[in-house]
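Engineer: After the structure tokens below, expect a handful of questions from me.
The values are calculated or read from the model by the stated rules, or taken from the named source; none is laboratory data. The shown structure was predicted, so the numbers you read here are calculated from the model rather than taken from an experiment. Please note: Cβ atoms are built from the backbone with ideal geometry, for glycine as well, and neighbour counts cover all protein chains shown.
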């Protein structure tokens with residue numbers, strides 16, 4: 001059963017609009033850019049300029065927590081590097097909310113030293129590792145374009161036996177990645193979507 005979106009909270013909704021304004025001001029640069037994929041774009045989105053600020057981190061963490069609550073996940077995390085910032089923001093916000101979510105990070109490749117782990121994570125209160133078979137997790141990323149990075153993170157936690165119950169991003173560029181995730185059966189709900197000029201709108205909940 002797919003959870004319905006949480007009932008809107010006027011206070012939290014106002015914070016989403018505040019977060020949108022922060023992202024638009026700090027994280028969206030207009031111009032001519034070459035993306036990681038090699039494609040050209042009229043804008044570039046760098047969410048780190050927002051999430052690494054005190055207010056931005058709080059707003060993003062609270063927004064992710066509110067979005068993920070209906071899915072009853074044990075943990076939240078994503079690919080390096082963006083997923084680390086988001087997992088930390090959501091984990092801190094969840095503790096302040098009294099319903100803790102535990103964080104994890106999926107590296108691009110396993111470490112070449114120490115434990116040689118590919119997934120870094122906290123421990124669960126049940127005493128077991130966080131990323132083990134049977135856990136319900138959410139996978140998040142800062143920006144989704146083609147969804148390549150977030151899919152690799154999803155595959156890594158699924159290989160450990162976790163159920164990916166929810167997938168999110170701060171910004172969906174609406175360039176095929178979101179549809180790719182949904183077509184693969186994942187419940188993908190970004191916080192915001194961007195148009196071709198980099199103007200943000202709140203995600204409507206209907207796939208766009």
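Engineer: Residue under question is residue 165, and the condition is that it be modelled with pLDDT of 95 or more, part of a strand (DSSP E or B) and surrounded by fewer than 22 Cβ atoms within 10 Å (Cβ to Cβ); does it hold?
Structural biologist: Here the answer is yes, as residue 165 does meet what is asked.
Engineer: Can we say residue 149 is surrounded by 14 or more Cβ atoms within 10 Å (Cβ to Cβ), in contact with a strand residue (DSSP E or B) (Cβ under 9 Å, 6 or more places away or on another chain) and over 13 Å from residue 168 (Cα atoms)?
Structural biologist: Considered against the rule, which asks whether it is surrounded by 14 or more Cβ atoms within 10 Å (Cβ to Cβ), in contact with a strand residue (DSSP E or B) (Cβ under 9 Å, 6 or more places away or on another chain) and over 13 Å from residue 168 (Cα atoms), residue 149 comes out as no.
Engineer: Is it true that residue 142 is touching a helix residue (DSSP H, G or I) at 6+ places or on another chain (Cβ under 6 Å) and surrounded by 13 or more Cβ atoms within 10 Å (Cβ to Cβ)?
Structural biologist: yes
Engineer: Looking at the range 11-30 only, could you name the residues that are modelled with pLDDT of 85 or more and out of contact with any strand residue (DSSP E or B) (no Cβ under 7 Å at 6 or more places or on another chain)?
Structural biologist: 14, 15, 17, 18, 19, 21, 22, 25, 26
Engineer: Kindly establish whether residue 70 is in a helix (DSSP H, G or I) and out of contact with any helix residue (DSSP H, G or I) (no Cβ under 9 Å at 6 or more places or on another chain).
Structural biologist: yes
Engineer: Take the residues in the range 73-100 that are part of a loop (DSSP other than H, G, I, E, B) and at pLDDT below 95; name whichever of them is surrounded by the fewest Cβ atoms within 10 Å (Cβ to Cβ).
Structural biologist: Applying the first criterion (part of a loop (DSSP other than H, G, I, E, B)) to the range 73-100 yields 73-74, 80-81, 98-100.
Filter once more, so that each one left must be at pLDDT below 95: 74, 80-81, 98-100.
Details: 74: 21, 80: 15, 81: 12, 98: 6, 99: 10, 100: 17.
Step by step, filter the range 73-100, then rank; the result is 98.
Engineer: Against the condition touching a helix residue (DSSP H, G or I) at 6+ places or on another chain (Cβ under 7 Å) and part of a loop (DSSP other than H, G, I, E, B), how does residue 196 come out, does it pass? Please lay out each step first, then the result.
Structural biologist: Numbers: touching a helix residue (DSSP H, G or I) at 6+ places or on another chain (Cβ under 7 Å): no; part of a loop (DSSP other than H, G, I, E, B): yes.
Here the answer is no, as residue 196 does not meet what is asked.
Engineer: Let me ask something else about it. Going by what's in this entry, would residue 131 be described as in a loop (DSSP other than H, G, I, E, B) and either in contact (Cβ under 8 Å) with a residue 40 or more places away in the chain or closer than 27 Å to residue 39 by Cα (or both)?
Structural biologist: Taking the combined requirement at face value, the residue satisfies it.
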